[in-house]
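Peer 1: I have a structure I would like to understand better, so I am pasting it below and will then ask my questions one at a time.
The values are calculated or read from the model by the stated rules, or taken from the named source; none is laboratory data. Just so it is clear, the structure is predicted and the values come from calculations on it, not from any experiment. Glycine gets a Cβ as well: all are built from the backbone with ideal geometry, and neighbour counts include every protein chain shown. Side chains included, ligands, DNA and RNA excluded: accessible areas come from the protein's heavy atoms. Shrake-Rupley method; radii C 1.70, N 1.55, O 1.52, S 1.80 Å.
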Amino acid sequence: MNTNRLSANVEKALSDQMNKEIHASHIFLSYGIWADDKGYQGIANFLYRHAQEERNHSIKFMEYILNRGGKPKVGVIPAPPADPKTLTDCFKGVFKHEVDNTTAIYKIVDLSMAEKDWATWNFMQWFVQEQIEEETLAHNLIDKLKIAGGDRATDESLFTLDKTLQEAPNDVPLAQEATGNNP
Ligand SMILES: [Fe+2]
Ligand SMILES: [Fe+2]
């Protein structure tokens, strides 16, 4: 009796995404190492925490596939891209990788809808929501750096930015989560 509740296509797409989340984790880890090496420990810390979050996403895919009777496959993880040249470069890179990841998430939503796999469709909605948060977080980083003066920011404003990110939460409040009692 076949107990795998995922189609071969959906199983492969989810498994690929499990690997993609690890790739994202490695990208942020490498950016964190770059920032740490440059002396931006707060920014590095922020990126390390973000790398950990991406790893958690990967595990979420792994568990879902297993729970549905499938078997995820750990594949080859490509090397992260070259180090950023500047902080602007770094934050734009974070944003770009989040948008790329959103595109990949949407493809799985499309596939689950086409196959009427409503369990997977429902599972994927968590990631749709999560990507809104992560994209907002990434463009907030770009905005904060812009306010600090971008690539011409003074050491003092970069010091403050670095300190702010040391303690910054890794998620942002979203408008769609607001309620009358909790605006
Ligand atoms: Fe992710
Ligand atoms: Fe992400």
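Peer 1: How many of the residues in the range 44-64 are of a type in the set (Lys, Arg) and either within 10 Å of the chain's Cα centre (by Cα) or at positive phi (or both)?
Peer 2: 1
Peer 1: Does LYS92 satisfy the criteria of being open to solvent by 30 Å² or more (accessible area, probe 1.4 Å), at pLDDT 95 or above and in a loop (DSSP other than H, G, I, E, B)?
Peer 2: no
Peer 1: Scan the range 1-19 residue by residue and report those that are touching an Asp or Glu at 6+ places or on another chain (Cβ under 9 Å) and either among the charged types (D, E, K, R) or on the phi > 0 side of the Ramachandran plot (or both).
Peer 2: Matches in the range 1-19: ARG5 only.
Peer 1: Out of the range 1-37, which residues are assigned to a helix (DSSP H, G or I) and free of Cβ contacts under 8 Å to residues at least 40 places away in the same chain?
Peer 2: Across the range 1-37, the qualifying residues are ALA8, LYS12, SER25, GLY32, ILE33, ASP36, ASP37.
Peer 1: Looking at GLY150, GLY75 in this structure, which one is away from ligand 1 (no atom under 16 Å from the Cβ) and on the phi > 0 side of the Ramachandran plot?
Peer 2: Answer to the selection: GLY150.
Peer 1: Further, regarding this structure: I'm trying to understand the selection: among the residues of the range 38-53, which are buried (at least 21 other Cβ atoms within 10 Å of the Cβ) and either of a type outside the set (Gly, Ala, Ser) or assigned to a loop (DSSP other than H, G, I, E, B) (or both)?
Peer 2: Selection gives TYR40, ILE43, PHE46, LEU47, HIS50.
Peer 1: Of the residues that sit in the range 97-125 and are within 15 Å of ligand 2 (Cβ to nearest atom) and without any contact (Cβ under 8 Å) to a residue 24 or more places away in the chain, which one is least open to solvent (accessible area, probe 1.4 Å)?
Peer 2: For the range 97-125, the residue satisfying everything is MET124.
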